[in-house]
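A.B. asks: I'd like to ask some things about the structure below.
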Amino acid sequence: MKAVQYREIGKGPEVVEIDVPEPGPGQIRLKITAVGLCHSDWFLMDLPEEQYSYGLPLTLGHEGAGVADKLGDGVQGVQLGASYAVYGPWGCGLCHACAQGAENYCPHAAAMGIAPPGLGAPGAMAEYMIVDDARHLVALGDLDPVESVSLTDAGLTPYHAIRAAQHKLYAGSTAVVIGAGGLGHVGIQILRAISPARVIAVDLNEDKLALAAEVGAHETLISGPETAAKIRELTGGLGAEAVFDFVGAQPTLDMSREAVAIDGYIHIVGIGGGVLPTGFFSTPFGAAVRAPYWGTRNELMEVLDLARVGAVSVHTERYGIDDAVTAYGKLHEGTVRGRAVVVP
Ligand code: NAD
Ligand code: 9ON
Ligand code: ZN
Ligand code: ZN
């Protein structure tokens, strides 16, 4: 089968031919119907060898959807031929966090050698993939897999961050979304769907800001050294009750710190390598800073339900598997509008 793999440090993704995998006991083989490209794929492919820990060769793709194609021994509750989304942050399944559906915060996964597909385990950017357990599948039903696959990360991750800040998002409050790319453009829609907050979107790129306005941002601002002051101006000097930074680089973390209100929330979602000093004389009184990771299983169900009622939709660009390298190139240069999705 065809697969898109990262095989050699510094060489970027490659389309290769590999064997179709067989499901072991308890596992499910999916025939992939759609797989999203995330900027984290570039985060790991840009790492120097001494910091790279995802294994090689790595089949990419941590936003996956497919049709159940073959069941390993003992699998129950999965319908052959039915359409599923893959819940990516695989945990041990047994601990307190996993019991709450928060496998994204399983403290045992790494030590047990459990890694998410596409971020250690073979991912979804292939014609087939193996899912380790039925609990990592969520039924898509009638949802179009291409339109909805990115909800497993570009939807789930902002949803998880926004839900944790929801008590700050009362009528009259302001939420700032920094980075209106794959995650950000879905985050804006989630904010509009589940809160009355005013949404200010910030990006370096005018096209991304146009998309942000199209999907519901009330205000859009070009990102730069003056942006935090503009956010303060728009909020009568108070700042934003919640800031969601989908970039996480030093300039955007500085902006987040300068733009957040007293007792506000900063959620650093982007893994851009910046550091945000928190404490007296650095952040406003009461301000909380959090770096959330992905989301929970039940939150994935909820975000898919938001799509079912039409409250959230992913703007997608479709590519065949042979064009995956081109799509990754566009993601790297910042010219994808919304999310690039490969349809094998
Ligand atoms: P993307 O490339 O689709 O979007 C990034 C957006 O940020 C682009 O629109 C770009 O123009 C904008 N941007 C870049 N620099 C900026 C700046 N200085 N100011 C304002 N905007 C700027 O990326 P994505 O796939 O949406 O991922 C966003 C980030 O979130 C990445 O760092 C990714 O690795 C990370 N991520 C984290 C988690 C998590 O669990 N914490 C999950 C998924 C992705
Ligand atoms: O889902 C993503 O994009 C994040 C959570 C991946 C982070 C990592 O492990 O590189
Ligand atoms: Zn991702
Ligand atoms: Zn666990």
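Nothing in this text is a laboratory measurement; each read-out follows from the coordinates by a stated rule. Since we're looking at a predicted model, the values are computed, not measured. Every residue, glycine as well, gets a Cβ built from its backbone with ideal geometry; the counts of neighbours run over all protein chains shown.
A.B. asks: 222 nm [θ] for the chain, helices only, -39500 (n - 2.57) per DSSP H run of 4+, per residue, to 500? Show your work: numbers first, answer last.
C.D. replies: Working: 10 runs with 86 residues, N = 344.
The helix-only estimate for the chain comes to -7000 deg cm²/dmol at 222 nm.
A.B. asks: When a/c is below 1.5 the answer is rounded, else prolate if a/b is larger than b/c, else oblate, so apply that to region 207-285 with a ≥ b ≥ c taken from the square roots of the Cα gyration tensor eigenvalues. Walk me through the numbers before you get to the answer.
C.D. replies: On the way: a/c = 1.92, a/b = 1.29, b/c = 1.49.
Verdict is oblate for region 207-285.
A.B. asks: What is the pair-distance distribution P(r) of region 9-103, computed from all Cα-Cα distances in 5 Å bins starting at 0, with each bin given as a whole percent?
C.D. replies: 3, 10, 15, 19, 21, 17, 10, 4, 1
A.B. asks: Among Ile188, Ile130, Ile222, which one moves the most in a GNM of the chain with springs linking Cα atoms closer than 10 Å?
C.D. replies: Top of the fluctuation ranking is Ile222.
A.B. asks: Does region 272-344 come out rounded, prolate or oblate, given a ≥ b ≥ c as the square roots of the eigenvalues of its C-alpha gyration tensor, rounded meaning a/c under 1.5 and, failing that, prolate meaning a/b above b/c? Present the calculation step by step, with values, prior to reporting the outcome.
C.D. replies: On the way: a/c = 3.09, a/b = 1.56, b/c = 1.98.
Taking the square roots of the gyration eigenvalues as a ≥ b ≥ c, region 272-344 is oblate.
A.B. asks: What's the exposure ranking of Phe285, Phe246, Phe43, going from fewest to most Cβ atoms within 10 Å?
C.D. replies: On the way: Phe285 9, Phe246 29, Phe43 15.
Neighbour counts put them in this order, fewest first: Phe285, Phe43, Phe246.
A.B. asks: What's the Kirkwood radius of region 86-183 in Å, using all Cα pairs?
C.D. replies: Values: mean 1/r = 0.0646 Å⁻¹.
Kirkwood radius, region 86-183: 15.5 Å.
A.B. asks: May I pose another question? Give the order of Leu304, Leu71 when sorted by the count of other beta carbons within 10 angstrom, beginning with the fewest.
C.D. replies: Numbers: Leu304 21, Leu71 17.
Starting with the residue having the fewest Cβ neighbours, the order is Leu71, Leu304.
A.B. asks: Ok, one more. R0 = 22 Å: FRET efficiency of Tyr293 with Glu233, Cβ-based, nearest 0.05? Walk me through the numbers on the way to the answer.
C.D. replies: Working: r = 33 Å, r/R0 = 1.50.
It comes out at approximately 0.10.
A.B. asks: Same structure again: Would you calculate the separation in nanometres between label points at Thr278 and Ile9, each defined as 7 Å from the Cα along the Cα-to-beta-carbon direction?
C.D. replies: 3.2 nm
A.B. asks: In whole Hz and in residue order, list the ³J(HN,Hα) couplings for region 298-312 that follow from phi through the Karplus curve 6.51 cos²θ - 1.76 cosθ + 1.60, θ = phi - 60°; x for Gly and Pro.
C.D. replies: Each residue of region 298-312 in turn: 5, 5, 5, 4, 5, 5, 5, 5, 5, 5, 4, 8, x, 7, 9 Hz.
A.B. asks: Further question on the same structure: If you take the square roots of the eigenvalues of the alpha-carbon gyration tensor of region 159-296 and sort them as a ≥ b ≥ c, do you get rounded (a/c under 1.5), prolate (a/b over b/c) or oblate? Numbers along the way, then the final one.
C.D. replies: Working: a/c = 1.21, a/b = 1.18, b/c = 1.03.
It comes out rounded by the Cα gyration axes.
A.B. asks: By a straight-distance test (C-alpha under 19 Å), which lysines pair with Lys70 as possible cross-link partners, with residues fewer than eight away in the same chain excluded?
C.D. replies: Output for Lys70: Lys2, Lys31.
A.B. asks: What is the spin-label model distance, in nm, from Tyr54 to Ile271 if the labels are put 7 Å beyond Cα along the C-beta direction?
C.D. replies: Using points 7 Å along Cα→Cβ, the separation is 0.7 nm.
A.B. asks: Which ³J(HN,Hα) values, rounded to whole Hz and listed in residue order, are derived for region 254-260 from phi using the Karplus coefficients 6.51, -1.76 and 1.60 in 6.51 cos²θ - 1.76 cosθ + 1.60 with θ = phi - 60°, glycine and proline given as x?
C.D. replies: 3J(HN,Hα) across region 254-260, in whole Hz: 4, 4, 4, 5, 7, 9, 6.
A.B. asks: What list of ³J(HN,Hα) values in whole Hz, one per residue of region 60-69 in order, does the Karplus curve 6.51 cos²θ - 1.76 cosθ + 1.60 (θ = phi - 60°) give from phi, with Gly and Pro shown as x?
C.D. replies: 6, x, 10, 10, x, 9, x, 9, 5, 10
A.B. asks: Order these by the 10 Å Cβ neighbour count, fewest first: Arg192, Arg232. List each step's numbers first, then the result.
C.D. replies: On the way: Arg192 19, Arg232 16.
Fewest to most other Cβ atoms nearby, the residues stand as Arg232, Arg192.
A.B. asks: Name the lysines eligible as straight-distance cross-link partners of Lys168: C-alpha to C-alpha under 24 Å, and not fewer than 8 places from it in the same chain.
C.D. replies: Lys230
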